[in-house]
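The values are calculated or read from the model by the stated rules, or taken from the named source; none is laboratory data. No experiment lies behind these values; they were computed from the predicted model shown. Here Cβ is always computed from backbone atoms with ideal geometry, including for glycine, and neighbour counts include all displayed protein chains.
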Amino acid sequence: MPGVTWSSRFRLGIGEIDEQHHGLFSLANRLDAAVGLGAGQQAVSETLPELIEYVKTHFAAEEALLAETAYPEHAAHQAEHEAFIRKLTGFSQACKSGIPTVPADIVAFVSDWLPAHILGRDKDYVPHLAENGIE
Ligand SMILES: [Fe+2]
């Protein structure tokens, strides 16, 4: 299982966001561990909704900061968030309706997306937020 390991390179220096990113890693790892133990579909149907709720709360907090500072890339950033939620929701619904999903694929998707998004799109807004006094 790939998993995601939190390290200081993911720290953006914005307390609220760093704390939530850390929380996301914890949930992703809980999903990874459960799938690794062979809990499969059940782990996905139990943990994924929790992850989706946390992701929604986190994205809303992040987007509020981008909106209040009139971040020029706000729309593109938001679109990336929405695509991630759509994908997770699709997995979750397939799982709930008994359509066979591959739990390892879900874990791999989340484990790839989270670090790439934080080190890419999220890191990009840090100077803009700092200019606006948010850190
Ligand atoms: Fe983001």
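May I ask you to list pairs of residues, at least six apart or on different chains, whose Cβ atoms are under 8 Å apart, with the first in segment 32-49 being within 15 Å of Lys96 (Cα to Cα) and the second being among the aromatic types (Phe, Trp, Tyr)? Cβ pairs passing all conditions: Val44/Phe91; Leu48/Phe91.
Taken over segment 29-68, the criterion of being crowded, with 16+ Cβ neighbours inside 10 Å and β-branched (Val, Ile, Thr) is satisfied by Val35, Val44, Thr47, Ile52, Val55.
Scanning segment 6-38 for residues that are assigned to a loop (DSSP other than H, G, I, E, B), modelled with pLDDT under 90 and on the phi < 0 side of the Ramachandran plot returns a single hit, Leu37. Restricting attention to segment 1-58, the residues that are of a type in the set (D, E, K, R) and farther than 19 Å from Leu129 by Cα total 6. Considering the conditions (1) more than 14 Å from Val4 (Cβ to Cβ); (2) in contact (Cβ under 8 Å) with a residue 60 or more places away in the chain, Lys56 is excluded by exactly one of them, (2).
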